[in-house]
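The structure appears below as structure tokens.
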């Protein structure tokens, strides 16, 4: 089932397109007739919070089928890992993906991104820092980057964390631990294993953040054996004790 929401923004009207209750595309400056079934309420709320300077990162269910090749998906995952308020050159991102000569291909993948802002392709710039190659115009790209830098400097950030009830919530404090939705493993933000997968362009789409260890465990996640060996060993002992009882 498809849904369509038209919302105002500092960049002009945004059209949010959804499939099966997931956000599938965002179009800027387009004219469309709304067909709102309520399934995109979270997307609209988070975009409004982003433009208000109250949201650092999005936590939404996305539908990226059918657009995008396998390389496109790797680029989009890597773009989502670029921190709020910062930029990376096309060439540097290509190098992170293990294809240092593929800067042009990265640019083409960026141009096919169906979810601007949520997949922040505006954070990619030329090697000299120039604002090139933005599908919706360099003026919108400049506005987005200036918006993020202004709110990053003011400290009015909001981080999306996962609670013990497995529901996302906004916090003024950065999460202390990161986790992966599919593996249900949590660990330190500087975990070598997690960073290795992020550098390859994987992992990002399923990443979540926790305020503390108690919350992560309450949400059903287990500690990483690599970066939290003591917590992992304790968890294994606890599981063994439960099975023996």
Is the range 156-176 home to any residue that is over 17 Å from residue 212 (Cα atoms) and modelled with pLDDT of 75 or more? no
Does the range 90-102 contain any residue that is farther than 27 Å from residue 189 by Cβ, touching a strand residue (DSSP E or B) at 6+ places or on another chain (Cβ under 7 Å) and not in a loop (DSSP other than H, G, I, E, B)? no
What are the residues in the range 29-48 that are crowded, with 16+ Cβ neighbours inside 10 Å and at pLDDT below 90, if any? 39
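What residue, of 111, 129, 137, is closer than 30 Å to residue 21 by Cβ, surrounded by fewer than 16 Cβ atoms within 10 Å (Cβ to Cβ) and out of contact with any helix residue (DSSP H, G or I) (no Cβ under 7 Å at 6 or more places or on another chain)? Give the steps one after another, and end with the answer.
On the way: 129 fails: closer than 30 Å to residue 21 by Cβ; 137 fails: closer than 30 Å to residue 21 by Cβ.
From the options 111, 129, 137, the qualifying one is 111.
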For the range 68-76, check the following and say yes or no: at least one residue is touching a helix residue (DSSP H, G or I) at 6+ places or on another chain (Cβ under 6 Å), in a helix (DSSP H, G or I) and within 19 Å of residue 141 (Cα to Cα). yes
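Matching residues to (1) within 17 Å of the chain's Cα centre (by Cα); (2) outside the structural domain of residue 60 (by TED's automatic domain parsing); (3) in contact (Cβ under 8 Å) with a residue 12 or more places away in the chain:
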{"position": "79", "(1), (2), (3)": "yes, no, yes"}
{"position": "83", "(1), (2), (3)": "yes, no, no"}
{"position": "88", "(1), (2), (3)": "yes, no, yes"}
{"position": "91", "(1), (2), (3)": "no, no, yes"}
{"position": "95", "(1), (2), (3)": "no, no, no"}
{"position": "98", "(1), (2), (3)": "no, no, yes"}
{"position": "110", "(1), (2), (3)": "yes, no, yes"}
{"position": "114", "(1), (2), (3)": "yes, no, yes"}
{"position": "117", "(1), (2), (3)": "yes, no, yes"}
Could you list, in sequence order, the residues of the range 5-24 that are surrounded by fewer than 19 Cβ atoms within 10 Å (Cβ to Cβ) and assigned to a strand (DSSP E or B)? 6, 7, 15, 19, 22
Residues in the range 30-42: is at least one in contact (Cβ under 8 Å) with a residue 60 or more places away in the chain and either assigned to a loop (DSSP other than H, G, I, E, B) or out of contact with any helix residue (DSSP H, G or I) (no Cβ under 8 Å at 6 or more places or on another chain) (or both)? no
Return only the number of the condition from (1) within 24 Å of residue 161 (Cβ to Cβ); (2) in contact with a helix residue (DSSP H, G or I) (Cβ under 6 Å, 6 or more places away or on another chain); (3) surrounded by fewer than 19 Cβ atoms within 10 Å (Cβ to Cβ) that residue 58 does not satisfy. (3)
Check on residue 145, surrounded by 14 or more Cβ atoms within 10 Å (Cβ to Cβ), in a helix (DSSP H, G or I) and in the same structural domain as residue 55 (by TED's automatic domain parsing): yes
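Hey, among the residues in the range 59-77 that are under 20 Å from residue 47 (Cβ atoms) and within 13 Å of the chain's Cα centre (by Cα), which one's modelled with the highest pLDDT? Break it down into steps so the answer makes sense when it comes.
Step one: filter the range 59-77 for residues under 20 Å from residue 47 (Cβ atoms), giving 59-64, 67, 76.
Now drop any that are not within 13 Å of the chain's Cα centre (by Cα), which leaves 59-62, 76.
Working: 59: 86, 60: 89, 61: 88, 62: 90, 76: 93.
If we take residues in the range 59-77 being under 20 Å from residue 47 (Cβ atoms) and within 13 Å of the chain's Cα centre (by Cα), then 76 is modelled with the highest pLDDT.
Could you please let me know if residue 85 is in contact with a helix residue (DSSP H, G or I) (Cβ under 6 Å, 6 or more places away or on another chain) and part of a loop (DSSP other than H, G, I, E, B)?
Numbers: in contact with a helix residue (DSSP H, G or I) (Cβ under 6 Å, 6 or more places away or on another chain): yes; part of a loop (DSSP other than H, G, I, E, B): yes.
Against the criterion (in contact with a helix residue (DSSP H, G or I) (Cβ under 6 Å, 6 or more places away or on another chain) and part of a loop (DSSP other than H, G, I, E, B)), residue 85 qualifies.
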I need the full set of residues from the range 212-245 which are at pLDDT below 90 and assigned to a loop (DSSP other than H, G, I, E, B), in order please. 245
So the check is Cβ under 6 Å with 6+ separation or different chains; which pairs have a first residue in the range 179-196 that's on the phi > 0 side of the Ramachandran plot and at pLDDT 85 or above and a second one that's assigned to a loop (DSSP other than H, G, I, E, B) and surrounded by 14 or more Cβ atoms within 10 Å (Cβ to Cβ)? 184/221
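The values are calculated or read from the model by the stated rules, or taken from the named source; none is laboratory data. Everything numeric here is computed off the predicted structure, so don't read it as measured data. Every residue, glycine among them, receives a Cβ derived from its backbone with ideal geometry; neighbour counts consider all protein chains shown.
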